[in-house]
Ligand code: SAH
């Protein structure tokens with residue numbers, strides 16, 4: 001059962017050793033409560049419950065039963081809280097393509113347990129104050145003055161906070177190990193002797209096409225898909241191999257190099273009427289799909305002013321694109 005209480009300005013007594021109680025204390029402070037703390041049962045004074053709206057008993061191995069009994073006699077509600085896990089650790093969390101709905105149960109657990117959350121621009125951050133109550137939230141994708149922190153500065157911050165005893169959640173967009181520099185961050189934690197856990201996330205490579213109705217595989221249409229980074233243009237060899245595979249090609253970070261990709265695939269013999277889709281800002285209110293062909297997509301993307309973040313899909317599965325896009329595709333194919 002869950003109850004909602006407005007604790008603004010109300011006195012909350014948190015009972016538990018300081019390390020075990022630190023997360024509960026931060027959560028109640030974040031809820032606007034006037035927090036009092038008691039670290040051991042022996043420290044309980046007779047007047048300590050006066051004016052108290054709620055008592056939080058932290059499950060830290062000490063015997064809080066006498067305090068619970070006093071609360072019951074005084075009619076003060078008492079809650080039980082899990083002890084905060086020891087800090088000094090990092091959890092790398094894949095946040096999915098941007099909506100809370102695609103956070104995993106493990107991601108939600110990690111956020112709930114976080115002392116500090118370092119989140120990226122494409123991570124789902126709209127509701128972090130609720131999902132990570134009381135945690136300090138640090139936007140490493142956009143700092144004052146709009147300068148994102150560099151990779152090594154992010155890693156330095158992550159390490160410094162974990163070494164100071166915090167449970168650090170490094171929240172990333174999609175999956176941490178798909179173009180997310182997750183491997184580097186794990187290496188850094190290991191080299192610093194810090195425990196690190198990785199929580200896989202739903203990658204945009206699959207979920208963003210899905211948001212537009214495009215399955216990356218489809219029986220009889222495509223039985224393989226390749227995910228590539230379009231951060232830098234591919235080589236001719238890579239274009240040739242990709243075209244030769246005959247499956248779906250999914251490109252992340254590929255808006256700026258789209259002309260290189262289409263030209264390279266054409267040179268490698270891919271047919272000009274191969275469907276291509278661009279899905280921008282998947283799962284946001286402004287999600288948009290532009291569908292054309294290999295021969296037409298550069299013009300179509302230019303006319304539509306397609307921008308990053310977007311996932312590109314090259315392959316016959318793009319014909320499955322939902323709704324009005326399907327008509328666009330049909331129109332484009334008919335015209336080509
Ligand atoms: N680790 C991430 C990818 C990071 S690279 C993952 O697994 O999804 C960043 C690229 O991901 C963006 O340039 C874009 O190509 C893609 N991307 C991530 N989220 C997106 C979204 N909501 N809509 C469209 N593209 C997205």
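Observations on the model:
- The stretch 1-123: relative contact order in percent, alpha carbon pairs under 8 Å with at least 6 residues between: 23
- Spread of Cα-to-Cα distances over 10 Å intervals beginning at zero, given as percent, for the stretch 11-82: 22, 60, 18
- Computed from Cα atoms, the angle from the helix 324-335 axis to the main principal axis of the chain rounds to 20 degrees.
- By the beta-carbon count within 10 Å of each Cβ, the least crowded to most crowded order of 280, 81, fewest first, is 81, 280.
- Full extension of the chain between residue 263 and residue 4 yields a length gain of 87.4 nm, computed as 0.36 nm times the residue separation minus the alpha carbon distance.
- Rounded FRET efficiency, nearest 0.05, which uses the C-beta distance separating residue 286 from residue 82 and R0 of 35 Å: 0.35
- Relative contact order of the stretch 205-316, taken over Cα pairs closer than 8 Å and 6 or more residues apart, is 30 percent.
- Mean Cβ count within 10 Å, highest first, over the residues of peptides 282-295, 113-126: 113-126, 282-295
- In this simple spin-label approximation, residue 137 and residue 197 carry label points 7 Å from Cα along the Cα→Cβ vector, and these lie 2.2 nm apart.
- Summed over all non-identical Cα pairs, the Kirkwood treatment of the stretch 205-335 gives a radius of 14.2 Å.
- DSSP-defined beta bridges in the stretch 89-202 - what % are antiparallel, rounded to 5: 5
- Intensity falloff of the stretch 101-228 expressed as log10 I(q)/I(0), Debye formula with alpha-carbon point scatterers, at q = 0.22 Å⁻¹: -1.39
- For the chain, the mean residue ellipticity at 222 nm estimated from helices alone is -9000 deg cm²/dmol, where every DSSP H run of n ≥ 4 contributes -39500 (n - 2.57) and the total is divided by all residues, rounded to the nearest 500.
- For the chain, the relative contact order comes to 13 percent (Cα pairs under 8 Å, sequence separation of at least 6).
- DSSP beta bridges in the chain [antiparallel fraction, %, rounded to 5]: 30
- If you take the alpha carbon atoms of the chain and fit the smallest convex hull around them, that volume is 169 Å³ per residue.
- Crossing angle, helix 151-163 versus the chain [Cα axis fit, 0-90 degrees, rounded to tens]: 20
- Kirkwood Rh in Å, taken over all unlike Cα pairs in the stretch 179-235: 14.4
- Which of 270, 158, 1 has the fewest Cβ neighbours within 10 Å, and the rest in rising order: 1, 270, 158
- Principal-axis tilt of helix 18-30 within the chain, Cα atoms, nearest 10 degrees: 70
- Of 220, 165, 244, the one that fluctuates the most in a GNM where the chain has Cα springs shorter than 10 Å: 220
- Cα-only Debye scattering, the stretch 122-173: base-10 log of I(q)/I(0) at q = 0.21, 0.25, 0.27, 0.30 Å⁻¹: -0.88, -1.17, -1.26, -1.31
- A protection proxy built from the mean count of other Cβ atoms within 10 Å ranks the segments 54-62, 94-102, most packed first, as 94-102, 54-62.
Coordinate-derived values only; no laboratory data. Being a predicted model, the structure only gives us computed values, none of them experimental. FYI the Cβ positions are ideal-geometry reconstructions off the backbone, even for glycines, and counts take in every protein chain you see.
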